[in-house]
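K.L.:
Once you've had a glance at the structure underneath, I'll fire off some questions.
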Amino acid sequence: MSLPEVENLEFRKITDSILLAHQKKTPFYFSCCDGLIVLPKKGRNKKAIALDLNIEPYLIDQVNRLFGPFDNYVCTHGHMDHMAHVHHWENIGANIYAPKPESSYLLDLHNFYEGFGFHEELDFHCIEKFATSNKYHPCKKVSSFELGGSLEFDNATIETIPLVGHSKGHSGFFLPDEKIIHISCLGFDKPNPSSDGFGPWYGFKECSIAQYIEDINLTETIFLQRADFLTSSHAYIVKHPDTTPFTYMRIKIKENQVKVDHALLSLNGYKKSNIRMDDLLKLDLFFPKKKLQGFMLDLYRYWESKIINKHLKQSKYLNLL
Ligand SMILES: [Zn+2]
């Protein structure tokens, strides 16, 4: 099968009946993610299924024209880059599925605001501006599912994998028919083998580094024991038995700990009780914030403070100060 050419969209073939799709240029920082297209296959699924392919509506129309009709769409979690455009999959006739509790974030931005704890520190207008910049629109109806079970569409099976270090509703997928594991937003975010990325993202109160390590171990076991291919929301396709994604994610978490540990030592003379988040945020440990302003500065400070907090809790140096 030769892959069609679509401006600003790239298709990569994983198997004869599964494609990865990637929007190249995106309207804002957190507006899109790569996802899978499960093409119709005799005896499996009559209509196409989209898995977490959050791309702009004009591209959804093109994908629908090429591979549709799509009768089902599955979202992996309620972060903005995974839900902004899902409403348009609904417009073209797909039933929308999303994991609990984040399924409600696709229906109402207030649920996103409160669900991720933004309301404890930030004004709703900040989140409204963020959502508008990413072109978020709510869906009308979303069917929620529990993590750990399977979704069945005709004879297509999608096993959901709880990867809740990233967010409490974050789901990976395993497609037993095609031996593909999709680890979605776990933290393998290298666009190609020689590039670098941010790595695992745990910028919310609910995230957990310890759980992250377990999730990385779990997906590695599934990949090595059951899968031929590994895909993610922001990376290239990896073939069995290449364990690059797992090594990369573990190293990134360790490097993040080193950054926070060094920052603590650089604030020499401070006592534990005097360590202020503001002083750590000024160091731009994770995000260059000097050029940011308005709601983006507020958001990045919010996320970075949560990441720093998690590493502070497990820093051996904090106890020495
Ligand atoms: Zn995410």
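The values are calculated or read from the model by the stated rules, or taken from the named source; none is laboratory data. Predicted, not measured: the structure shown is a model, and the values here were computed from it. A quick note on method: Cβ atoms are made from the backbone with ideal geometry, for glycine too, and the neighbour counts reach across all protein chains shown.
K.L.:
So which pairs qualify, if the first residue must be in segment 297-311 and in contact (Cβ under 8 Å) with a residue 12 or more places away in the chain, the second must be of a type in the set (K, R), the Cβ gap must be under 8 Å, and the two must be at least 6 apart or on different chains?
P.N.:
Here the result reads Y300/K289; R301/K289; E304/K289; K306/K205; H311/K259, each pair linking segment 297-311 to a residue that is of a type in the set (K, R).
Matching residues to (1) in the same structural domain as K205 (by TED's automatic domain parsing); (2) more than 15 Å from the ligand (Cβ to nearest atom); (3) free of Cβ contacts under 8 Å to residues at least 60 places away in the same chain:
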{"residue": "H119", "(1), (2), (3)": "yes, yes, yes"}
{"residue": "Y136", "(1), (2), (3)": "yes, no, yes"}
{"residue": "F153", "(1), (2), (3)": "yes, yes, no"}
{"residue": "H170", "(1), (2), (3)": "yes, no, no"}
{"residue": "G187", "(1), (2), (3)": "yes, no, no"}
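K.L.:
So if I check each of Y300, Y317, which one is closer than 25 Å to K168 by Cα and of a type in the set (S, T, Y)?
P.N.:
Just one listed residue meets the conditions, Y300.
K.L.:
Could you grab me the full set of residues in segment 119-165 that are closer than 22 Å to D34 by Cβ and touching a His at 6+ places or on another chain (Cβ under 7 Å)? Spell out the reasoning first.
P.N.:
First pass over segment 119-165, keeping only residues closer than 22 Å to D34 by Cβ: 130-131, 133-137, 139, 142, 145, 147, 151, 153, 156-165.
Correct list: K135, H137, C139, L163, V164.
K.L.:
Okay, moving on. For W303, only one of the following conditions fails: (1) in contact with an Asp or Glu (Cβ under 9 Å, 6 or more places away or on another chain); (2) outside the structural domain of S133 (by TED's automatic domain parsing). What is its number?
P.N.:
Condition not satisfied by W303: (1).
K.L.:
Among the residues of segment 18-31 satisfying the criterion of being part of a loop (DSSP other than H, G, I, E, B) and away from the ligand (no atom under 16 Å from the Cβ), which is nearest to E128 (Cα to Cα)?
P.N.:
By that ranking, first place goes to P27.
K.L.:
Give me the residue from segment 145-156 that is surrounded by 15 or more Cβ atoms within 10 Å (Cβ to Cβ) and of a type outside the set (D, E) and, out of that set, nearest to the chain's Cα centre (by Cα).
P.N.:
Applying the first criterion (surrounded by 15 or more Cβ atoms within 10 Å (Cβ to Cβ)) to segment 145-156 yields 145, 147, 151, 153-154, 156.
Pick out the ones that are also of a type outside the set (D, E) and you get 145, 147, 151, 153, 156.
Numbers: F145: 17, L147: 15, L151: 20, F153: 23, A156: 23 Å.
Filtering segment 145-156 for residues that are surrounded by 15 or more Cβ atoms within 10 Å (Cβ to Cβ) and of a type outside the set (D, E), the one nearest to the chain's Cα centre (by Cα) comes out as L147.
K.L.:
Could you tell me which residue of segment 244-261 is farthest from L186 (Cα to Cα), considering only residues that are over 19 Å from the mean Cα position of the chain (by Cα) and surrounded by 14 or more Cβ atoms within 10 Å (Cβ to Cβ)?
P.N.:
D261
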